[in-house]
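The values are calculated or read from the model by the stated rules, or taken from the named source; none is laboratory data. Predicted, not measured: the structure shown is a model, and the values here were computed from it. Here the Cβ positions follow ideal geometry from the backbone for every residue, glycine too, while neighbour counts run over all protein chains shown. Quick note on the areas: whole protein, heavy atoms, side chains included, nothing else; ligands and nucleic acids left out. Shrake-Rupley method; radii C 1.70, N 1.55, O 1.52, S 1.80 Å.
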Amino acid sequence: RFKGLMGKKNLDEGEGLIISPCNQVHSFNMNFPIDVIFLTKQMEILKITTMDPGKVGAVQKHSACVLEVEAGSAEHFGVANGDTLKIDFEV
């Protein structure tokens, strides 16, 4: 949670990081821009924003978790505010 994507050079297509609980993120010490997808507990998208490295995002009320993906991924995969995500992941 503390380290997040700091120090990574990039993300592969379809790869991301879920941070929970979370209603605000920063991009300090990051090497690439990211799409930040704020989600409710039911995985409904509240807001999608793109952050460049070295920024602090605004607090998003009602956000239970955040999905961080490479910038442009939200548009590429056609997700938008109000959509509900189903996320398959490996541990």
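Working value for the chain: equivalent-ellipsoid semi-axes of 18, 15, 13 Å, each the square root of 5 times a Cα gyration tensor eigenvalue, largest first. Loop only per DSSP, at most 15 neighbouring Cβ atoms within 10 Å: give me the chymotrypsin sites (Phe, Trp or Tyr not before Pro) in segment 9-91, ordered by residue number. When the chymotrypsin sites (Phe, Trp or Tyr not before Pro) of segment 9-91 are filtered for loop state and at most 15 Cβ neighbours within 10 Å, F28, F89 remain. Sites listed here are trypsin sites (Lys or Arg not before Pro) in segment 1-82 whose DSSP assignment is loop and whose Cβ has at most 10 other Cβ atoms within 10 Å: R1, K3, K9, K61.
Here the Karplus curve 6.51 cos²θ - 1.76 cosθ + 1.60, taken at θ = phi - 60°, turns the phi angles of segment 65-70 into couplings of 7, 10, 10, 9, 9, 4 Hz, with x standing for Gly and Pro. Considering helices alone, the calculated mean residue ellipticity of the chain at 222 nm is -1000 deg cm²/dmol, with DSSP H runs of length four and up weighted by -39500 (n - 2.57) and normalised per residue. Ignoring lysines fewer than eight residues from K8 along the same chain, the ones with Cα atoms less than 27 angstrom from its Cα are K47, K55, K86. Residues whose amide H falls under 5 Å from that of A64, counting only those 5 or more places apart or on a different chain, are L39, T40, K41, with hydrogens built in the peptide plane. Largest accessible area first, the residues D12, D35 order themselves as D12, D35 under a 1.4 Å probe with ligands, DNA and RNA left out. Here's the picture: a label point sits 7 Å out from the Cα of V56 along the beta-carbon direction, and within segment 1-44 the residues with their amide nitrogen under 14 Å of it are 24-29. Of the GluC sites (Glu not before Pro) found in segment 8-91, the ones in coil according to DSSP and having at most 16 other Cβ atoms within 10 Å of their Cβ are E13, E15, E90.
Evaluating 6.51 cos²θ - 1.76 cosθ + 1.60 at θ = phi - 60° for every residue in segment 56-61, the Karplus couplings come out as 10, x, 6, 5, 10, 4 Hz, glycine and proline recorded as x. Amide H contacts of A71 (H built 1.01 Å from N, in plane; Pro and chain starts excluded): I34, D35 sit under 5 Å, all sequence-distant by 5 or more or on other chains.
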